[in-house]
Amino acid sequence: MLTFENPAISFKNVTKKFGDHVILQDLNFDIPRNKIVTILGFSGAGKSTLLKHILGILHPTSGTVTVLGRELETLTKEELRDFRRNFGMLFQYAALFDSFTAEENVAFPLREFTQLSEEEIMKKVHDLLISVGIKEESFQKLPSELSGGMRKRVGLARGLALSPDIMLYDEPTTGLDPITTKMVNNLIVETATQHQGREMTSVIISHDVKATLEISDYIAFLDRGKIIEYLPVGEFKNSQNPLVQEFLRL
Ligand SMILES: Nc1ncnc2c1ncn2[C@@H]1O[C@H](COP(=O)(O)OP(=O)(O)OP(=O)(O)O)[C@@H](O)[C@H]1O
Ligand SMILES: [Mg+2]
């Protein structure tokens, strides 16, 4: 298994049970800083459960999850809420607020979590929207007036609003056409390398092997609550693990 010095995220002996049902099984797994790491797996493997442990929405039944050097279980509810500002999240369907314009969607976390003035917020919102390729003519549009690809862009701008150290992507390309998939992939890479001149750790949860092979630095394969393969992307493609091979052939 790959290990990294001073990782962004570290799972140590993490087991999660719901009743008698073991969902994560003794996971030992590090995610390095400033890289793009994808967690692949079949439906029901435990990917979303793993993601919720990174966010501290769920805690392990046993073992520890450490993010940016903080052991999540030792944080109080308030500390955890503050700590979540280190994360940006892009959900599968972008999860924008339907009755908010593009601009208002991106302003939301800034209004909620910062003391910035309205003028400062609007300046930042416009910079963010431009940086993900949304033009001024679309700032006032509602999500229903935007294409799927544009909604992703707005969702990404909102995820980036608080300058997170870690971006989490939940199925960013699932269900998108090939051209939009390519666009979202490019955005993920640009975000990882260029956002405000800082580097950022990106964690992608996906079933989309083809899309993620193109952009990931490392790929982990989760099967029934266990990481059964974790390799740099070039080696992952040549994995001899039969389940991984089956997945790659899909
Ligand atoms: N709160 C919960 N209570 C009980 N069981 C749960 C709970 N959350 C998830 N599970 C179970 O844990 C297993 C893994 O679920 P999870 O959602 O993590 O899978 P996944 O890999 O994200 O799947 P998908 O690709 O379909 O989203 C499933 O069997 C699910 O039924
Ligand atoms: Mg899931």
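Quick rundown of the values:
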| read-out | value |
| --- | --- |
| Filtered residue count, segment 18-51, keeping only those that are out of contact with any helix residue (DSSP H, G or I) (no Cβ under 7 Å at 6 or more places or on another chain) and assigned to a loop (DSSP other than H, G, I, E, B) | 11 |
| Residue within segment 61-80 that is away from ligand 1 (no atom under 12 Å from the Cβ), out of contact with any Cys (no Cβ under 6 Å at 6 or more places or on another chain), part of a helix (DSSP H, G or I) and within 28 Å of residue 153 (Cα to Cα) present | yes |
| Residues of segment 1-17 satisfying the condition of being aliphatic (A, V, I, L, M) and either within 13 Å of ligand 2 (Cβ to nearest atom) or in a strand (DSSP E or B) (or both) | 9, 14 |
| Wholly within segment 162-249, strands (runs of 3 or more DSSP E) carrying at least 2 residues that are in contact with a Ser or Thr (Cβ under 6 Å, 6 or more places away or on another chain) and in contact (Cβ under 8 Å) with a residue 24 or more places away in the chain | 166-170, 201-206 |
| Qualifying residue in segment 62-74 (condition: among the acidic types (Asp, Glu), away from ligand 2 (no atom under 14 Å from the Cβ) and in contact (Cβ under 8 Å) with a residue 40 or more places away in the chain) | no |
| Residue selected from segment 69-78 under the condition modelled with pLDDT of 95 or more and in contact with a strand residue (DSSP E or B) (Cβ under 8 Å, 6 or more places away or on another chain), by the criterion surrounded by the most Cβ atoms within 10 Å (Cβ to Cβ) | 72 |
| Number of the condition not met by residue 176 [criteria: (1) under 18 Å from residue 39 (Cβ atoms); (2) surrounded by 14 or more Cβ atoms within 10 Å (Cβ to Cβ); (3) among the aliphatic types (A, V, I, L, M); (4) in contact with a helix residue (DSSP H, G or I) (Cβ under 8 Å, 6 or more places away or on another chain)] | (1) |
| Failed criterion for residue 100 (all others in (1) within 16 Å of ligand 1 (Cβ to nearest atom); (2) not in a strand (DSSP E or B); (3) not charged (D, E, K, R) hold) | (1) |
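The values are calculated or read from the model by the stated rules, or taken from the named source; none is laboratory data. Remember, it's a predicted structure, so these values are computed and weren't measured experimentally. Don't worry about glycine lacking a Cβ; one is built from the backbone with ideal geometry, like all the others, and counts go over all protein chains shown.
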